[in-house]
Amino acid sequence: MMGTHPDTKSDLRRRLRARRRRLRGRAARRAAALATRRLTALDRWQRARHIGIYWPADGEIDTRPLIAAATRAGKRVYLPVIRSSNGDLAFRRHRPGAPLQRGRFGLPIPPRAGAPQRRLAGLDLLVMPLVGFDAAGHRLGMGGGFYDRTLAGRGRCRRPLRVGLAYACQQHPAIPHDRWDQRLDRVVTDRTVHVW
């Protein structure tokens, strides 16, 4: 683990989760709209056909405008589903208006029946939730390690492009990280786009 920063992951996670939960109502909707506009302007978004996008929970920036934009553009959207066998993620096709069921941790997921799955390598772009990020592309998640496990072994391969979506207030000077933590290729916020 990085030894130069006094914050532990759990301490930092608690503080940053509280910070993002404070954004509500009109301010949160405006931030989601701005972040959606920035993300959909990216060249890689415009070329992408198959996109993994999380469903928002626990104060995460709302991805529903992004899902709607993807659908309007004719892109296929896949929501992450935690597999009980090994704790990594599968990606099931989501069509807006189709029913969702409660998965692990109560997160909405497409039902198995009638929802085609796509492998990670078959996604062009993966929009990832985060609790915090820093200027080096390190991501602090919720602590389950689901994205890290899923991306492990892929190295810095081209597909999918790893994009964190966040409020600008979730940036932190230095995120504590371990050797198995997976870095991001981009972070898109309501204020800017970070590229690594």
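The values are calculated or read from the model by the stated rules, or taken from the named source; none is laboratory data. Only a predicted model underlies this, so the values are computations on that prediction, with no experimental measurement involved. Cβ: placed from backbone, ideal geometry, glycine included. Neighbour counts: every protein chain shown. Surface accessibility is based on the protein's heavy atoms, side chains included, excluding ligands, DNA and RNA. Shrake-Rupley method; radii C 1.70, N 1.55, O 1.52, S 1.80 Å.
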Considering only region 52-68, I want to know if a residue exists there that is open to solvent by 60 Å² or more (accessible area, probe 1.4 Å) and over 27 Å from D181 (Cβ atoms).
yes
Of the conditions (1) over 24 Å from R19 (Cα atoms); (2) assigned to a helix (DSSP H, G or I); (3) open to solvent by less than 40 Å² (accessible area, probe 1.4 Å), the single one that T71 does not satisfy is (3)
Kindly establish whether V131 is within 23 Å of R49 (Cα to Cα) and modelled with pLDDT of 95 or more.
no
Flag for R20 being open to solvent by 40 Å² or more (accessible area, probe 1.4 Å) and outside any loop (DSSP other than H, G, I, E, B)
no
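Residues checked against (1) more than 20 Å from R13 (Cβ to Cβ); (2) free of Cβ contacts under 8 Å to residues at least 12 places away in the same chain:
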site	(1), (2)
L126	yes, no
V131	no, no
D134	no, no
G145	no, no
P160	yes, no
P173	no, no
R179	no, yes
R183	no, no
V187	no, no
If the requirement is being in a loop (DSSP other than H, G, I, E, B) and either at pLDDT 95 or above or within 25 Å of A31 (Cβ to Cβ) (or both), which of these qualifies: P111, P80, P96?
P96
